[in-house]
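Data block below; observations after.
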Amino acid sequence: MPTKPILTVKDLSVVFPDNNGASSPKGGLHALEYISFEVCPREFVCFLGPSGSGKTTLLRALARILKPTSGKVNFIQRQQPKIGMVFQQPNLMPWRTVLDNIKLPLELEGMGDVKARAKAQEMVELVGLKGFEDNWPRDLSGGMAQRVGLARALVHDPDLLLLDEPFASLDAMTRERMWTELSRIWQAKQKTVIMVTHSINESLFLADRVLVLTQRPGKVKLDLKVDLPRPRKDDIRYTPAFGKLALKLRKAIE
């Protein structure tokens, strides 16, 4: 893994104003407090923590949807990096087919239709949806819809991929299958990924590092390297090495 970071976050804090509009150290809702970390190119980092620890707030700050109250987010290689984001719900446009949903970011960038359709088709095949290009969102299962959302986030070749608990709404069996699929896609594209999750098993199966956040205000309590071999298969979750790491994460959360 390269040692020079692609992203550095230093003393990031987010305070939401209270009913009186105050967001000072003494007032407002303190979501994140002095978060600092670095991410290297092609690294897969998971943020793990309880509800209300500021995980989604952190992603919104990294995506520049939300301006931090204090601290800095620096992308080393670009001033304006390309960012792809996958949300808890796929948020597909019901009047567009699978292929047309995927190529939407390219249309917004002004790419010609022929080239955009070709790139979208590549993503269709990458996420395992070949043959479903002309299907409508209403005809897709939850797992298939999230594959479309992932393909849409990847189609414009982002520098950073942000995943906000993308499998939280899926049933347990589908969610576990999606871990394997996401791991395969990450191996193929080698993107830099930051993902937030509630699941210890999910974080360990997917990540190179897991950072545990405390209860609000969220602070980094543990930065754990996941030294498990890749590619990871489902049975790795039943190994002593996996169990040892899971115990460390559980103790950090508790």
Margin query: If I take every Cα pair under 8 Å that is 6 or more residues apart in region 191-248, average their sequence separation and divide by the length, what percent do I get for the relative contact order?
Written below: 29
Next item on the list: Can you spot the lysines whose alpha carbon is less than 28 Å from Lys221's alpha carbon? Ignore those fewer than 8 places along the same chain.
Entry: Lys4, Lys10, Lys26, Lys55, Lys67, Lys72, Lys191, Lys244, Lys248, Lys251
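Quote the FRET efficiency, to the nearest 0.05, computed for Asp18 versus Met93 with a Förster distance R0 of 35 Å and r equal to the Cβ-Cβ distance.
0.45
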Margin query: Mean-square fluctuation check for the chain, GNM, Cα pairs under 10 Å: which of Gln80, Gln88, Gln146 is largest?
Written below: Gln80
Item checked: Mean separation of Cα contacts under 8 Å (6+ apart) over length of the chain, as relative contact order % -> 26
Item checked: Chain lengthening between Gln190 and Arg42 when straightened (0.36 nm per residue, less Cα-Cα) -> 52.8 nm
Checklist line | Estimated 222 nm signal from helices in the chain, with DSSP H stretches of n ≥ 4 weighted -39500 (n - 2.57), rounded to 500 | finding: -10000 deg cm²/dmol
Note to self: Under 13 Å between alpha carbons, and skipping anything fewer than 8 positions from Lys103 in its own chain: which aspartates and glutamates qualify?
What the structure shows: Asp113, Glu122, Glu133, Asp134, Asp157
Item checked: Nearest-ten-degree value, helix 172-189 long axis tilted from longest Cα axis of the chain -> 80
Next item on the list: Give the long-range amide H neighbours of Gly218: residues separated by 5 or more places, or on another chain, with amide H under 5 Å away, using H modelled in the peptide plane at 1.01 Å from N.
Entry: Leu32, Glu33
Next item on the list: Sort Ile6, Ile65 so that the residue with the fewest other Cβ atoms within 10 Å of its own Cβ comes first and the one with the most comes last.
Entry: Ile65, Ile6
Check: Calculated FRET efficiency, Arg177 and Ser70, Cβ-Cβ r, R0 41 Å, to nearest 0.05?
Finding: 0.50
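By how many nm would the segment from Asn201 to Arg138 grow when fully extended, if each residue of separation counts as 0.36 nm and the alpha-carbon distance is taken off? Could you put the intermediate results ahead of the total?
Numbers: separation 63, 0.36 × 63 = 22.68 nm, distance 3.01 nm.
The span from Asn201 to Arg138 would gain 19.7 nm if fully extended.
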Next item on the list: Over all alpha-carbon pairs of the chain, lay out the pair-distance distribution in 10 Å bins, whole %, shortest bin first.
Entry: 7, 29, 34, 22, 7, 0
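The numbers here are math on the coordinates, done by the rules we state, and not lab data. Quick caveat, the model's predicted, so the values are computed rather than measured. Neighbour counts are summed over all protein chains in view; Cβ atoms, including those assigned to glycine, are modelled from backbone coordinates with ideal geometry.
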